[in-house]
Each structure stands twice: as C-alpha cells, then as structure tokens.
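Written below as structure tokens is the structure these notes are about.
No lab work stands behind these numbers, since they all come straight from the coordinates. Note that the structure is a prediction, hence the values are computed from the model and not measured. Using ideal geometry, Cβ is built from the backbone for each residue, glycine included, and neighbour counts are taken over all protein chains shown.
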Amino acid sequence: MSIKQKLAIVIIVVIAVLSGLVFVLVRSQSNNEPTKETTPTNLEALLEQRAVKSQGDILTLHETENFFITYDKVTKEFLIVLLPSQQTNAVINELRIDAEQQLLNFTGMDADSICSQKISLIIPPSYWPEMSGISYGFSFCEDFIPFNE
C-alpha cells in the first residue's frame, strides 16, 4: 500500500471520528435545551419541568425582586408582573426587556412563536397605580402597548 493510500485512509478515519463527535455534541445539546420549535404539546411539560414553584394550576417560572413570570395551565396564559423600583419609563422598559428575554430563554421560543401565546404583562397598583390595570404585552409583538408616564 502506498503512502498516498495510507494517508487517504487516515484522513477518512479522522473525518468519520470528527463527524461522530459533532453528531454526539449536537444531539446532547438539543436534549438539554428547548428548541425554537417548542410546540404547545410539549410546552407545558417543559414549563412544569423548569418551574421554580408550582401551586395548583399556576407555575412560577421566574421570580426576582424586579419581576415574576407565571403560567396558568388552565387558561394557557403567561403572566409577567413588573415590580419597578422607580416610577420611570426607563426603569419599566428595562424590566420589560429583561422579563421578555427571560421568558424567551425559558421557553426556547422565538419572537414569532411567543407572540402567538396568551401573555399579560402588567404593573400592580401597589407599585404604580397610574400604570396599573393595563396589559402591555411584549414590546416586539404586534399588540404591545408602550409605557406612558
């Protein structure tokens, strides 16, 4: 066997091994992370698995001092409650963006998919009475409502 033939065999083996490694890495990553194609069928199972707290039909998905996100299994609705430390548009816009990104990361959905979900984004009256009573929606969805001071 010539050196060229041996070299060709070595190259083929290396390519096969690398292809196998890439396949294993991609497969293991896709098993651990949600896909951008999260469907309603597996969405609830994903949310139940990742919820930080469950009370009856309400799953708490994320909770900080600035906002929390819940999911109602009966109504199939996400609720994002902003808890602004200051009553300014800059603060609530920042919280809105943080909460939106958190929900996108949590569900693995893209912007179009998340916009097709039922989502209420609110500010409680105890934090800002003038801004309460309105569901603002996601800033990148068609039906969003901008914050007005």
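So which residues in the stretch 58-81 are under 20 Å from residue 132 (Cα atoms) and assigned to a loop (DSSP other than H, G, I, E, B), if there are any at all? Listed by number, the residues that qualify are 64, 65, 66. Filter the stretch 109-121 down to residues that are surrounded by 17 or more Cβ atoms within 10 Å (Cβ to Cβ) and not in a helix (DSSP H, G or I) and give me whichever is farthest from the chain's Cα centre (by Cα). Checking each candidate, the answer is 121. For the stretch 82-92, the set of residues classified as touching a residue at least 24 places away in the same chain (Cβ under 8 Å) and either farther than 12 Å from residue 131 by Cβ or in a loop (DSSP other than H, G, I, E, B) (or both) consists of 83, 84, 87, 88, listed by residue number.
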